[in-house]
Amino acid sequence: MTFTLLSRPALRGAALGLGALLGPLAASAQNAALDARIAKLAAAEDAKVIAWRRDLHEHPELGNEENRTAALVAAHLKSLGLEVTTGVARTGVVGILRGGKPGPVVALRADMDALPLTETSGLAFASTVKTTYLGQPVGVMHACGHDTHVAMLMGAAEVLAQVKKDLPGTVKFIFQPAEEGSVPGVEGGAKLMVKEGVMENPKVDAVFGVHINARTEVGVLKYRPGGEMASSDRFTIKVHGKGAHGAYPWNSVDPVVTAAQIIMGLQTIVSRQVKLIDDAAVVTVGTVNGGVRYNVIPPDVELSGTIRALSPAVQQQIWASVRRIATNIAESAGATADVAIEPYVPVTTNDPALTARMLPTLQAVAGASNVQEIKAVTGAEDFSFYQEKVPGLFLFVGGMTPGTDPSTVADHHTAGFKIDESGLALGVKTLATLAADYLAQKHH
């Protein structure tokens with residue numbers, strides 16, 4: 001056996017080298033211990049989170065009207081000792097949890113608003129709320145799962161508040177109104193939250209968010225690096241013709257027929273003009289309004305719809321095509337068309353570096369086989385406005401009973417929408433662990 005004697009400088013160097021090796025190992029063990037505590041605390045929150053969700057589901061509120069929801073959230077955050085600001089972007093609530101050690105700032109976001117739908121789910125806690133939306137009587141319903149998002153983030157806040165002395169940094173909880181949009185012409189949602197400074201004071205370094213998914217099994221997390229969800233724009237086409245008696249159409253410039261031709265012409269944008277092997281795209285006409293009587297040709301018809309794209313280049317291409325097709329078809333009929341395109345949200349883009357960095361966290365939280373990379377979807381999310389400011393990661397959390405055929409499940413934004421509440425626990429654990437692990441990684 002041979003021994004090598006080291007000089008004092010060499011011993012000091014070896015000690016420093018050993019410290020450099022053991023430091024990350026000790027930090028990793030510390031992070032694992034904290035993550036284990038978070039998992040245990042999240043499981044203990046489950047019944048409370050489900051109760052919150054049911055209360056919120058029974059009392060839904062439309063965008064920018066989430067007063068009861070905001071009061072519930074603010075009271076909860078204050079009870080946890082957080083610094084709470086209300087009235088952000090009209091009804092938004094922001095809570096700040098300062099950890100026991102200095103470090104970066106991470107934001108967690110949940111949206112709060114419901115949709116103008118009359119619920120037919122049959123749930124014991126189904127909404128019976130009624131309202132008038134754009135002049136039409138209608139029910140109000142959490143038909144996209146925002147009630148679960150609020151409940152999950154409330155649960156994550158309670159979990160993180162219990163371990164705050166071990167957090168090297170700050171967590172900002174963003175409860176956002178009006179993700180589904182405001183009434184036409186009214187600014188709201190994430191765009192207004194950002195404009196009012198939600199990403200500042202303290203300045204956010206990264207942002208995470210989750211969305212429940214009714215057609216993904218409970219226990220599964222889905223994500224995509226880069227462009228994950230489409231941009232969304234609203235278009236309006238006003239066709240101006242000449243009215244006449246329905247019995248004498250030759251005296252008219254018929255805007256109804258012209259509008260029909262424009263609708264069919266718009267279908268060629270995606271089918272014949274967008275290079276679909278590179279990017280998916282959507283042009284959908286959702287409303288057609290014109291006329292007041294069956295035998296009267298009206299002077300005007302108005303169309304409105306949505307444009308979805310997965311890249312800015314395709315988005316601009318579609319805008320140009322909508323304008324060209326509408327105006328030229330109208331001109332060919334002797335009518336005119338006014339085209340207005342209102343940008344709503346940009347592409348939801350998961351920062352590739354942040355996504356790669358947090359992937360081990362997701363796999364540890366849900367199990368590697370339950371973390372699935374997906375193709376981009378043409379749904380849209382105003383979470384993208386936060387991602388324009390800082391790196392962000394947006395995930396889908398399973399809310400479908402395992403073994404269920406997804407084709408038999410009521411889709412989001414439909415009156416029969418339901419969620420398996422056993423999926424909420426994973427959402428709470430995911431949000432809390434992402435925040436803790438991000439702070440720990442940046443701290444070390």
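Which angle from 0 to 90°, rounded to the nearest 10, does the C-alpha axis of helix 46-58 make with the longest principal axis of the chain?
20 degrees
Can you give me the Kirkwood hydrodynamic radius for the stretch 68-184, using every pair of distinct Cα atoms, in Å to one decimal?
For the stretch 68-184, inverting the mean 1/r across all distinct Cα pairs yields 15.5 Å.
With every protein chain present, what is the per residue accessible area of the chain (1.4 Å probe, Å²)?
On the way: 19690 Å² over 444 residues.
On a per-residue basis, 44 Å².
Just want to confirm a number: the relative contact order over the stretch 40-109, from Cα pairs under 8 angstrom separated by 6+ residues, in percent.
Values: 44 pairs, mean separation 13.5, N = 70.
Relative contact order of the stretch 40-109: 19 percent.
May I ask which residue of Ala124, Met358, Val207 lies farthest towards the positive end of the charge dipole of the chain, with charges of +1 (Lys, Arg) and -1 (Asp, Glu) on Cβ and the Cα centre as origin?
Going by the charge dipole, the pick is Met358.
Within the stretch 357-387, whose backbone N sits under 15 Å from a point 7 Å along Cα→Cβ of Val183?
Hits in the stretch 357-387 for Val183 at 15 Å: none.
Whole-Hz Karplus ³J(HN,Hα) for the stretch 302-308, in order, using 6.51 cos²θ - 1.76 cosθ + 1.60 and θ = phi - 60°, x for Gly and Pro?
Whole-Hz 3J(HN,Hα) from phi for the stretch 302-308: 10, 10, 9, x, 10, 10, 10.
Using unit Cβ charges (K, R positive; D, E negative) and no other charged atoms, how large, in debye to the nearest 20, is the dipole of the stretch 180-249 about its Cα centre?
On the way: 9 positive and 8 negative charges, 76 e Å.
Taking the Cα centre of the stretch 180-249 as origin, the dipole is about 360 debye.
Viscosity 1.567 mPa s, temperature 4 °C: what is the translational diffusion coefficient of the stretch 142-216 from Stokes-Einstein with a Kirkwood Rh over Cα pairs, rounded to a whole number of µm²/s? Mind showing how you got there, number by number?
Values: Rh = 14.4 Å.
Rounded, D is 90 µm²/s.
Rounded to the nearest 20 Debye, what is the dipole magnitude of the stretch 77-156 about its Cα centre when Lys and Arg each give +1 and Asp and Glu each give -1 at the C-beta?
300 debye
Compute the angle between helix 352-366 and the longest alpha-carbon principal axis of the chain, please, reported from 0 to 90 degrees and rounded to the nearest 10.
Approximately 70 degrees, to the nearest ten.
Pick out, from Val371, Asn289, Pro312, the residue whose Cα sits farthest towards the positive end of the charge dipole of the chain, with +1 on the Cβ of Lys and Arg and -1 on the Cβ of Asp and Glu.
The Cα lying farthest towards the positive end belongs to Val371.
Evaluate the Kirkwood expression for the hydrodynamic radius of the stretch 392-444, namely the inverse of the mean inverse distance over all pairs of different C-alpha atoms, and round to one decimal in Å. Intermediate results must be reported in sequence, preceding the final value.
Working: mean 1/r = 0.0748 Å⁻¹.
Evaluated on the stretch 392-444, it is 13.4 Å.
On a straight-distance basis, which lysines could pair with Lys203 in a cross-link, Cα separation under 16 angstrom, same-chain partners fewer than 8 positions away excluded?
Within the straight-line cut-off, Lys203 pairs with Lys172, Lys195, Lys389, Lys442.
Would you work out which of Ala36, Ala107, Ile325 lies farthest towards the positive end of the dipole of the chain? Charges go on Cβ: Lys and Arg +1, Asp and Glu -1.
The one lying farthest along the dipole's positive direction is Ala36.
Just the C-alpha atoms of the stretch 33-101: what Rg/Rh do they give, with Rh taken as the Kirkwood radius? List each step's numbers first, then the result.
Working: Rg = 14.3 Å, Rh = 13.8 Å.
That ratio is 1.04, to two decimals.
Report the accessible area of Glu388, computed with a 1.4 Å probe over the heavy atoms of all protein chains in place, in Å² rounded to the nearest 10.
120 Å²
Suppose only helical runs count, i.e. DSSP H with n ≥ 4. What mean residue ellipticity at 222 nm does that imply for the chain under -39500 (n - 2.57) per run, divided by all residues and rounded to the nearest 500 deg cm²/dmol? Don't skip to the answer; put the middle values down first.
Details: 10 runs with 160 residues, N = 444.
-12000 deg cm²/dmol, from helical runs alone.
Can you tell me the 0 to 90 degree angle between the C-alpha axis of helix 312-332 and the longest principal axis of the chain, rounded to 10?
10 degrees
Work out the length of the dipole vector of the chain about its Cα centre, built from +1 on the beta-carbon of each Lys and Arg and -1 on the beta-carbon of each Asp and Glu, and round it to the nearest 20 debye. Working shown, then result.
Details: 38 positive and 42 negative charges, 248 e Å.
My answer is approximately 1180 debye.
Counting pairs of alpha carbon atoms under 8 Å apart in space and at least six apart in sequence, what relative contact order in percent does the chain give?
About 22 percent, as a whole number.
Hey, in the GNM for the chain with a 10 angstrom Cα cutoff, which one of Glu58, Glu331, Glu180 fluctuates hardest?
Glu331
Give me the net charge for the shell around Thr170: Cβ to Cβ below 14 angstrom, other residues only, Lys and Arg +1, Asp and Glu -1.
Working: positive: Arg98, Lys101, Lys164, Lys165, Lys172, Lys203, Lys442; negative: Glu83, Asp166, Glu200, Asp205.
Here the charged neighbours net out to +3.
Counting alpha carbon pairs within less than 8 Å and at least 6 residues apart, what relative contact order, in whole percent, applies to the stretch 221-362? Can you show the working numbers first?
On the way: 284 pairs, mean separation 58.5, N = 142.
Result for the stretch 221-362 is 41 percent.
Taking all protein chains as present, what is the carbon and sulfur share of the accessible area of the chain, in % to the nearest whole number, probe 1.4 Å?
On the way: 11010 of 19690 Å².
For the chain, the apolar C and S fraction of the accessible surface comes to 56 percent.
Can you bin every Cα-Cα distance in the stretch 179-228 into 5 Å intervals starting at zero and give me the percent of pairs per bin, rounded to whole numbers?
4, 13, 17, 17, 19, 17, 11, 3
Which value in nm describes the separation of the simple spin-label points at Phe125 and Thr401, placed 7 Å from the Cα toward the beta carbon?
The modelled label-to-label distance comes out at 1.8 nm.
Averaged over every viewing direction, what's the projected area of the C-alpha convex hull for the chain? Give it in nm², one decimal, please. Please report the intermediate quantities before stating the final value.
Numbers: hull surface 112.0 nm².
Computing the convex hull of the Cα atoms and averaging its projections yields 28.0 nm².
So which of Lys164/Lys222; Lys48/Lys222; Lys165/Lys429; Lys101/Lys375; Lys48/Lys165 end up more than 30 Å apart by C-alpha?
On the way: Lys164/Lys222 28 Å; Lys48/Lys222 25 Å; Lys165/Lys429 18 Å; Lys101/Lys375 39 Å; Lys48/Lys165 23 Å.
Among Lys164/Lys222; Lys48/Lys222; Lys165/Lys429; Lys101/Lys375; Lys48/Lys165, the Cα-Cα distance tops 30 Å for Lys101/Lys375.
Express in Å², to the nearest 10, the accessible area of His59 obtained by rolling a 1.4 Å probe over the protein heavy atoms while all chains stay in place.
Taking all protein chains as shown, His59 has close to 70 Å².
The values are calculated or read from the model by the stated rules, or taken from the named source; none is laboratory data. Keep in mind that what you see is a predicted model, and the values were worked out from it rather than measured. Counting neighbours? That spans all protein chains shown, and the Cβs are built from the backbone with ideal geometry, glycine included. Quick note on the areas: whole protein, heavy atoms, side chains included, nothing else; ligands and nucleic acids left out. Shrake-Rupley method; radii C 1.70, N 1.55, O 1.52, S 1.80 Å.
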